[in-house]
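Colleague: Structure below; questions to follow.
Derivation of every value follows stated rules applied to the coordinates shown; laboratory data play no part. What you see is a predicted model, and the numbers here were worked out from it, not measured in a lab. In this analysis, Cβ positions are derived from the backbone assuming ideal geometry, glycine residues included, and neighbour counts consider all displayed protein chains.
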Amino acid sequence: MNTEEAIRTRRAVKAYDPSFQLSREEKDELLQLALLAPSAFNLQHVRFVEVSDPALRAQIREVGWNQAQMTDASMLVVICAQVDSWEKNVRRVWDGAPSEVQDYMAGAIDAYYRGKPQVQRDEAMRSCGLMAQTLMLAARAKGLDSCPMDGFDFDAVGKLINLPDNHVIALMVAVGKRAAEPKPRVGKLPFDEVVIRNRF
């Protein structure tokens, strides 16, 4: 499937065939593709928690408004971010660049993030969104479907997956084979209302 078709046919699918299973290799390929998405300053904030344990997925469903896709889809990914990646990983993510570039980037990153918790969180969330969308498009390109989700108890899910204190959860994405056609698109606002030329 070409990119335009994947974009046009991607839908938030809620009903999945629970008998359809992706292999570990197929899941890893999707995650590797998602990791090619950009991240702020190349900090690679995002951490994918790929939940394959059926018991854990059932527990997540219990704190996730009983959404069937949390257990029925072949793949469930909790998309998290390491908020302090700007401080912990700055040298690692620029390893291999010329030393003057590494020094420049370390200084620029420090100036941009230090003492700015809202910026730290916002950049992590932006990176999570880019990774999530890339994962969903990669899945659609392979004929699979997906559903982004934020309808769950974030604190409860964090406890279930042992989320470290320096991480946040952005959303979940379910991936699998649809068991029913998605409902027609409704309520799309007019193009000229949502696209602004130059200024509001």
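Colleague: Taking the chain as a Gaussian network, where each spring joins two C-alpha atoms under 10 Å apart, which residue of ALA73, ALA12, ALA97 fluctuates the most?
Modeller: Highest fluctuation among the options: ALA97.
Colleague: When the Cα centres of segment 153-200 and segment 3-22 are compared, how far apart do they sit, in Å?
Modeller: 14
Colleague: Identify which of MET131, MET172, MET105 has the largest mean-square fluctuation in a Gaussian network model of the chain, with springs joining Cα atoms closer than 10 Å.
Modeller: MET105
Colleague: Just need the relative contact order of the chain here, percent rounded to a whole number, with Cα pairs under 8 Å and 6+ apart.
Modeller: Over the chain, the number comes to 36 percent.
Colleague: Say the dipole of segment 3-194 comes from +1 at the beta carbon of Lys and Arg and -1 at that of Asp and Glu; which of PRO117, MET149, HIS167 then lies farthest toward its positive end?
Modeller: MET149
Colleague: Report the FRET efficiency, 1/(1 + (r/R0)^6), for ARG121 and ASP155, where r is their Cβ-Cβ distance and R0 is 22 Å, rounded to 0.05.
Modeller: That gives a FRET efficiency of 0.90.
Colleague: Okay, moving on. Which one of SER52, GLY176, TRP86 has its Cα pushed farthest toward the positive end of the charge dipole of the chain, where Lys and Arg give +1 and Asp and Glu give -1 at the Cβ?
Modeller: GLY176
Colleague: What is the sum of charges, Lys and Arg at +1 and Asp and Glu at -1, for the other residues whose Cβ falls under 10 Å from the Cβ of ASP153?
Modeller: Residues near ASP153 contribute -1 overall.
Colleague: If you don't mind, another one. In the structure displayed, which of LYS116/LYS159; LYS142/LYS183; LYS142/LYS188; LYS27/LYS188 lie more than 23 Å apart, Cα to Cα?
Modeller: In this structure, LYS116/LYS159; LYS142/LYS188; LYS27/LYS188 exceed 23 Å between Cα atoms.
Colleague: As I understand it, the value is the acute angle between the Cα axis of helix 24-34 and the longest principal axis of the Cα atoms of the chain; what does it come to in degrees, rounded to 10?
Modeller: Around 50 degrees separate the two axes.
Colleague: Under a GNM of the chain (C-alpha, springs under 10 Å), which listed residue has the highest mean-square fluctuation: ARG57, ARG92, ARG140?
Modeller: With Cα springs under 10 Å in the chain, the top fluctuation among ARG57, ARG92, ARG140 is at ARG92.
Colleague: Suppose only helical runs count, i.e. DSSP H with n ≥ 4. What mean residue ellipticity at 222 nm does that imply for the chain under -39500 (n - 2.57) per run, divided by all residues and rounded to the nearest 500 deg cm²/dmol?
Modeller: -12500 deg cm²/dmol
Colleague: Now, a different point. State, as an integer percentage, the relative contact order of segment 120-200 based on alpha-carbon contacts under 8 Å between residues 6 or more apart.
Modeller: 32
Colleague: Would you mind computing, in nm to one decimal, how far apart the modelled labels at ASN166 and ALA97 are, each placed 7 Å from Cα along Cα→Cβ?
Modeller: 2.0
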